[in-house]
1. Multiplying the sequence separation of ALA192 and PHE70 by 0.36 nm and subtracting their Cα-Cα distance, what value in nm do you get?
2. For MET182 and THR21, what is the calculated FRET efficiency with R₀ set at 41 Å and r taken between the beta-carbons, to the nearest 0.05?
3. For an R0 of 22 angstrom, estimate the FRET efficiency from the Cβ-Cβ distance between GLU149 and GLU39 and round to the nearest 0.05.
Amino acid sequence: MGLPTDTTPLLLERWHRGDETALAALVELHLPWLREHVERRLGPFLRQHGEAEDYLQDAIVDFLRYAPRFQVRDSVQLRALLARVAENTLRDKNDWFRAKRRDLGKNGTLPSDSVLALDPALQRSTTPSRDATRNEVRDWVRLGLELLEAEDRKILLAREYDNRSFVEIGDELGMTANAVRMRWVRAVGRLAEVMKDLRGGTVPEAPAP
């Protein structure tokens, strides 16, 4: 159920228009619920790697500040998104993805030949309408990346945005190049599914922490 008077969609719309007070109101409205949610879901591994209180407010503010201008039906849908972001932030346990999130929010263009465009037609046209569509796809990709497992996100970002080889990524993650390539293929497919769900108004199920 949503809140009795659900102001979340309006606050989010105001924030997208640049109203900083709306961002503060969104954080105040949803932080207590998110804190309780994450405390219930924290398992032994996550508890060893940080307290929820140390991460949650930053996770919310970072997500809302640098995410694309998405809209939600109600508070329930936003809270589901925030829960995914918070849990992934705790899994990451470092500033790497947070820094990358900021970079994508500031100048988050897809590489011209990126597989993440998920539509070859977008790469063959330079008309204004195609450019607008490409920008829209870029924004959904950025949002979809927030909702993937931490390792899938790292592989996609390293491969698609940093143009790193499978060998380099594998060395960092302790995997063979072939294993990274297989994980990359799976991650691209999962991202496509997540984007389809989001565009249809459905928040994907969260993986267990």
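No value in this document is a laboratory result; all are computed from the given coordinates. If you're wondering where the values come from, they're calculated on a predicted model, not measured in any experiment. For neighbour counting, all protein chains shown are included, and Cβ atoms are generated from backbone atoms with ideal geometry for every residue, glycine included.
1. Taking ALA192 through PHE70 to full extension adds about 42.2 nm, to one decimal.
2. Between MET182 and THR21 the formula returns 0.30.
3. Between GLU149 and GLU39 the formula returns 0.55.
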